[in-house]
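Participant: Below are the structure tokens for one structure; questions will follow.
The values are calculated or read from the model by the stated rules, or taken from the named source; none is laboratory data. None of these values were measured; they are calculated from a predicted model. Ideal geometry is used to build each Cβ from the backbone, glycine not excepted, and the neighbour counts take in all protein chains shown.
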Amino acid sequence: MHPNPIYHDAETAQNLGFARERGFGVLSVNGPDAPMLSHVPFLLSEDGQVAELHLVRSNPIARALKEPLQAKIAVSGPDSYISPDWYGVIDQVPTWNYIAVHLTGVLELRPHEELHDLLDRQSAVYEDRLLPKVPWKTAKMSDCVMDKMMRMIVPCRMQITDVDGTWKLGQNKPDAVRASAAEHAKAYGFGAEADILAALMQGVSPRD
């Protein structure tokens, strides 16, 4: 996360809303030799205090959860390289604009009896975004296949203790300079969803 406080002025509700809408991030816990990472979909409670997810039983993080562990979920958004030539003023340097939200908390395994309900709720959230498609439901699975698949995964819950977001959108630049960079990022930028990033850059206010 960028240390400059001007990029950390989003309200907690905005950061949580972004993470909830994204619904996918990198789960990290400390390992014996290096951080252990896993890319996971998750559900975020309405009050932003709980993230629910499941892991493959053989995942190193799942194996390490003999007791609750400190954990973090990093949720990435649109990003793009920004060329200094795009500002239209002298003495600028290259940078990378991006949005990222970090959810920090305590991760624990949950009882296996909670798994089916978690899978139902996860699939319902994702399938609802595909309307008017008829939503897929676990009830479409035969019992024997569903039971076999559920034996391979474990439910987890993270109690969230801290939320931090970086919205690095060129707030340190005057409106005209930032708008010029945004227009070029939309046309030529590379990264992820550069057009969305450009629109967000055009919507922020300059900060010192």
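Participant: Could you tell me how many of the residues in the stretch 174-208 are of a type in the set (Lys, Arg) and modelled with pLDDT of 95 or more?
Facilitator: Of the residues in that region, 2 qualify.
Participant: A further question follows. Note down all Cβ pairs under 6 Å where the first residue falls in the stretch 64-77 and is under 12 Å from residue 28 (Cα atoms) and among the small types (Gly, Ala, Ser), the second is surrounded by fewer than 19 Cβ atoms within 10 Å (Cβ to Cβ) and at pLDDT 95 or above, and they're at least six residues apart or on different chains.
Facilitator: 71/29; 74/26
Participant: Pick from 78, 60: which is modelled with pLDDT of 95 or more, touching a Leu at 6+ places or on another chain (Cβ under 8 Å), at negative phi and not aliphatic (A, V, I, L, M)?
Facilitator: After applying the criteria, what remains is 78.
Participant: Just give me the residues in the stretch 51-67 being under 13 Å from residue 155 (Cα atoms) and surrounded by 15 or more Cβ atoms within 10 Å (Cβ to Cβ), in sequence order.
Facilitator: 51, 52, 53, 54, 55, 59, 61, 62, 65 - these are the residues of the stretch 51-67 that are under 13 Å from residue 155 (Cα atoms) and surrounded by 15 or more Cβ atoms within 10 Å (Cβ to Cβ).
Participant: Of everything in the stretch 159-208, what is assigned to a loop (DSSP other than H, G, I, E, B) and under 15 Å from residue 6 (Cβ atoms)? Give them in sequence order.
Facilitator: Answer for the stretch 159-208, where residues must be assigned to a loop (DSSP other than H, G, I, E, B) and under 15 Å from residue 6 (Cβ atoms): 169, 170, 171, 172, 173, 174, 204, 205, 206, 207, 208.
Participant: Given the conditions (1) within 24 Å of the chain's Cα centre (by Cα); (2) closer than 26 Å to residue 65 by Cβ, and given that residue 186 satisfies all but one, which numbered condition is not satisfied?
Facilitator: All conditions pass for residue 186, except number (2).
Participant: Return the total of residues in the stretch 1-28 being hydroxyl-bearing (Ser, Thr, Tyr) and free of Cβ contacts under 8 Å to residues at least 24 places away in the same chain.
Facilitator: 0
Participant: From 134, 93, 145, 125, which residue is touching a residue at least 24 places away in the same chain (Cβ under 8 Å) and β-branched (Val, Ile, Thr)?
Facilitator: Of the residues listed, the single one that is touching a residue at least 24 places away in the same chain (Cβ under 8 Å) and β-branched (Val, Ile, Thr) is 125.
Participant: Can I ask one more? Answer yes or no as to whether residue 34 is farther than 19 Å from residue 198 by Cβ and either without any contact (Cβ under 8 Å) to a residue 60 or more places away in the chain or part of a helix (DSSP H, G or I) (or both).
Facilitator: So residue 34 passes the test.
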